[in-house]
Amino acid sequence: MKKFGFLLLIVMIVTSCATRKEVVYYQNSSDVNLSAIEKVYTHPVIQTNHILHISISSANPESIAAFSREAGAQQMQARQIQMLKVEGYLVNENGEINFPELGKIKVRGLTTQKAQDLIESQLKAYVKDATVNIRIINNSFTVQGEVRQPGTYEIIDERVTLPQALGLAGGLTIRGQRDNIKIFRQLEDKRVVKTIDLTSVDWMNTDYYYINPNDIIYIEPNDPQIKSAGFITNVGTLLSVFSILLSTAVLLFR
């Protein structure tokens, strides 16, 4: 009976261990095409309630003073996000921003690059060499599930990759499924769900290498974690339960 119990314990421990294939990221990393990753990037699309930071530059700073809310202000990287929001341009329910001197400009549905081109074209009547830069400054994404710091994260940089997003959340715990990460994304009038396998690099050449505004990233718990949620929570508890069962069996069958 003791031999049987010992063997059963060994089997339970061995079968509960994760394999290298289940844990290690990017196992076929030699297959990734870095040039292809750059090609999948697209500028984010402006939506209602986005706040835009719009900066204008020119060889003659005085010529753009009437079109800028932050003449003489510091560079964007040295400013606080909340201050940027106060000075930003809110996209209203009609998809428009109210731009100095130019009036209402419809930007909803445009990428940030196309919105830049639109404003530059309208500025040419006043400033020939004006250059416009637009960023969405209330960008956010949410990470849920088996990460060390789940939550919603606000970012200024529009080029944030999935590994960077997971890094901001502290990375996956050992209990998270590496091969079944869900990304929920709003595309125009529909929401899509994409499954990512982090143990491979195949997804890096897709549109999901970069995070979009308002993406939801969910990391599912692995099977042992799901089972433990309703039964046993750690190795110590497992050993205690097994010890009780074994002692009971010895008393009953000796």
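The values are calculated or read from the model by the stated rules, or taken from the named source; none is laboratory data. Computed from a predicted structure; not experimentally measured. All Cβ positions, even for glycine, are placed from backbone atoms using ideal geometry, and neighbour counts span all protein chains on display. Heads up: the accessible areas ignore ligands, DNA and RNA and are worked out on the full protein's heavy atoms, side chains in. Shrake-Rupley method; radii C 1.70, N 1.55, O 1.52, S 1.80 Å.
Numbers for the structure displayed
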item: Cβ pairs under 9 Å, 6+ apart, first in the range 122-146 and closer than 21 Å to residue 163 by Cβ, second among the basic types (Lys, Arg); result: 145/182; 146/175
item: Restricting the range 137-184 to residues that are open to solvent by 20 Å² or more (accessible area, probe 1.4 Å) and aromatic (Phe, Trp, Tyr), the residue that is nearest to residue 216 (Cα to Cα); result: 184
item: Residue count for the range 198-235, restricted to those that are at pLDDT below 65, open to solvent by less than 40 Å² (accessible area, probe 1.4 Å) and of a type outside the set (Val, Ile, Thr); result: 1
item: Condition met for residue 195 (open to solvent by less than 60 Å² (accessible area, probe 1.4 Å) and hydroxyl-bearing (Ser, Thr, Tyr)); result: no
item: The listed residue being among the acidic types (Asp, Glu) and farther than 16 Å from residue 56 by Cα, out of 101, 96; result: 96
item: Tally, over the range 170-190, of residues that are on the phi < 0 side of the Ramachandran plot and modelled with pLDDT under 90; result: 4
item: Qualifying residue in the range 117-125 (condition: in contact with a Pro (Cβ under 7 Å, 6 or more places away or on another chain) and under 26 Å from residue 41 (Cα atoms)); result: no
item: Residues within the range 90-134 that are of a type outside the set (Gly, Ala, Ser) and not in a strand (DSSP E or B), tallied; result: 25
item: Count of residues meeting criterion [under 19 Å from residue 41 (Cβ atoms) and not in a strand (DSSP E or B)] in the range 189-225; result: 14
item: Selected residue (criterion: most open to solvent (accessible area, probe 1.4 Å)) from residues of the range 91-121 that are aliphatic (A, V, I, L, M) and without any contact (Cβ under 8 Å) to a residue 60 or more places away in the chain; result: 118
